[in-house]
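The values are calculated or read from the model by the stated rules, or taken from the named source; none is laboratory data. This is a predicted model, so every value here is computed, not measured. With ideal geometry, Cβ positions are generated from the backbone for all residues, glycine too; neighbour counts draw on all protein chains shown.
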Amino acid sequence: MDGVELQIAEWRTYVAKAPAVNGRDIHELEAHLRDQIAELDAAGLTADEAFLVAVKRMGDLDTLSREFAREHSGRLWKQLVLRGEDEAARPSSGWFEALAFAVAAGVVAQVVRLAAEVSDGEPRWLLPNLSLFVLPFLAGYFARRRQLDLRGWALTAAPFAVAGLVVNLYPYSAGSATELLVGLHLPVMLWFAVAYPYMGGTIRSHERRMDFVRFTGEWAIYYVLIALGGGVLLGLTALILEPIGPDVAERVFEWVLPSGAAGAVIVAAWLVESKQHVVENMAPVLTMIFTPLFAVMLTVAAATYAVTGVADAFDRELLSVFDALLVVVLGLVLYAMSAREPSQPAGLMDRVQLLAVAGALVLDVMVLGAMVARIGDLGLTPNRVAALGLNLVLLVNLAGTAWLSMRFLTGRIAFHRLERWQTSYLPIFALWAATVVAVLPPLFAFT
Amino acid sequence: MHINKDLVAASATPLVLAILAEGESYGYAILKRVRQLSGSELEWTDGMLYPLLHRLSRLGYVTTEWRTPPEGRRRRYYAITEDGRTALAEQQRQWATVTRALGDVWRDSGRLPMALGEA
């Protein structure tokens, strides 16, 4: 029997190498293998024969691993990365492409800067178009990486072309509020446009949508890390160059900052694609730290405003702060959801998250109340319509999340349903951003 | 008789749900039951059962629990849920329609008159 134990141990080590099969799966498969061996033993086979037959029946590891990866989309994500590593073994496939797109984005940023300088500092076309100078490169990078066909490329380019036309052909009046709103909403809309090439065109797949959510979260983390590193580098450069002359450092900043910020968008995306497993360990930790903190903060805020009343407290600035807070909370919830193993039963973290969502929901209702009162007193403006719409979109999402979380926590539905709700809701965010970009300006006569 | 791979794959979910509707079970026992039901005609690769079970669990059709029975090794048990029974009923309706349609057309064409009654 010792011989078989040794063989089983070897088999276990071998199976453990499959990226999509985790420890518990191996236990389950091993129990199966042992049952099978025991039965074959009883039927009169020798231990060796029994082991061989049992392993053969289990199926070959590649197929098995692929099947596991297909089911566990979170692990499939790992699988994709592993394939990325294989690609990297071929010379200059992964990073070279990313570098080319990053450099192109950097060069365009430089051209834009020079053009802006020529036309006197900060011209009006700069802000609304900012994302249009960078995100097409990200979309192009993914379209190339996912090897889209001609139709795929055309569909990738279409939203960018339409957005470019809409933003630049609308006759905004000077200092128009709608123009500023477009500048804020266009990046969001275009980010969703990047989702199309990112998913390789399969935008109906809920699993791929969750991958895109995951990608967005990881991308943000990498971008912040790069920005911090870049900040340290620039700070030190400034200190070193100071003796030569104060203008020198400023010159360097002018050149490095725009290109660096634009190029980092692509580099961060490439890092997410190829170095996934590094952040993979970070994502659950980050959500575990920040979900409870946000839950406490939101509960305290909701309770405080519920007691003191909100009528006067919400002025215009505070309203936008609250909107930003709600967006961040929703982002955190989505990211936590994408990092969660869906088959796990409801735990403490899910309760904490429900608390955060409930707090956000209460705040959102109060913000909406204050906003409706403002609109009743002062009438509709582009800003108020945009804020009202955003809050409504958030309210419906948060209410749905809270309701489904409750049902999940009481064991009435599977976590899957909660995921479905979020992935089905994603297009609504994109649609709302697109509405603000395309419909709101003409509605208010471009004021 | 060799049963087509697509057919095996398509029948896997209703089979597993139906077996679990008989009572909770674990992977190895489910496979044995499949062999017994099909007279060993349905050839499954053993390992493939587990991703399927995990999918059913994610969809909320089954619940799972690790347990060590008094005599035996630690195993992961699966039990069907209400959602699972609903899904099974839906699958039954679909399969009944398919087999009825095939039965009718084959009876009309006068070939394979009995084979389908057993399937």
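Values as computed for the structure displayed
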item	result
Considering residues of the range A:22-39 that are under 17 Å from residue B:48 (Cα atoms), in contact (Cβ under 8 Å) with a residue 12 or more places away in the chain and buried (at least 20 other Cβ atoms within 10 Å of the Cβ) only, the residue nearest to the other protein chains (Cβ to nearest Cβ)	A:32
Hey, residue A:286 modelled with pLDDT of 80 or more and closer than 19 Å to residue A:341 by Cβ or not	yes
Residue under evaluation residue A:19, criteria (1) within 11 Å of chain B (Cβ to nearest Cβ); (2) modelled with pLDDT under 85; (3) buried (at least 17 other Cβ atoms within 10 Å of the Cβ), criterion not met	(1)
Subset of the range A:55-71 [on the phi < 0 side of the Ramachandran plot, at the interface with chain B (Cβ under 8 Å from one of its Cβ atoms) and not charged (D, E, K, R)]	A:58, A:63, A:64, A:68
Subset of the range B:65-82 that is buried (at least 19 other Cβ atoms within 10 Å of the Cβ) and over 14 Å from the mean Cα position of the chain (by Cα) - its residue that is farthest from residue B:33 (Cα to Cα)	B:81
Failed criterion for residue A:378 (all others in (1) in contact with a helix residue (DSSP H, G or I) (Cβ under 7 Å, 6 or more places away or on another chain); (2) in the same structural domain as residue A:354 (by TED's automatic domain parsing); (3) modelled with pLDDT under 85 hold)	(1)
Residues that are in a helix (DSSP H, G or I), more than 9 Å from chain A (Cβ to nearest Cβ) and out of contact with any strand residue (DSSP E or B) (no Cβ under 8 Å at 6 or more places or on another chain), drawn from the range B:32-81	B:34, B:35, B:36, B:37
Lone unmet requirement of (1) more than 30 Å from residue B:83 (Cα to Cα); (2) touching a Pro at 6+ places or on another chain (Cβ under 9 Å) for residue A:372	(2)
Residue within the range B:23-39 that is surrounded by fewer than 17 Cβ atoms within 10 Å (Cβ to Cβ), without any contact (Cβ under 8 Å) to a residue 60 or more places away in the chain, among the aliphatic types (A, V, I, L, M) and over 25 Å from residue A:414 (Cβ atoms) present	yes
Matching residues in the range A:366-386 - criterion: being in a helix (DSSP H, G or I), of a type outside the set (A, V, I, L, M) and surrounded by fewer than 16 Cβ atoms within 10 Å (Cβ to Cβ)	A:369, A:376, A:377
Number of the exception - residue A:408 against (1) assigned by TED's automatic domain parsing to the domain that holds residue A:338; (2) assigned to a helix (DSSP H, G or I); (3) within 30 Å of residue A:169 (Cβ to Cβ)	(3)
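Here is a yes/no grid of residues against (1) in the same structural domain as residue A:137 (by TED's automatic domain parsing); (2) on the phi > 0 side of the Ramachandran plot; (3) among the small types (Gly, Ala, Ser); (4) over 25 Å from the mean Cα position of the chain (by Cα):
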{"residue": "A:246", "(1), (2), (3), (4)": "yes, no, no, yes"}
{"residue": "A:253", "(1), (2), (3), (4)": "yes, no, no, yes"}
{"residue": "A:259", "(1), (2), (3), (4)": "yes, no, yes, no"}
{"residue": "A:288", "(1), (2), (3), (4)": "no, no, no, no"}
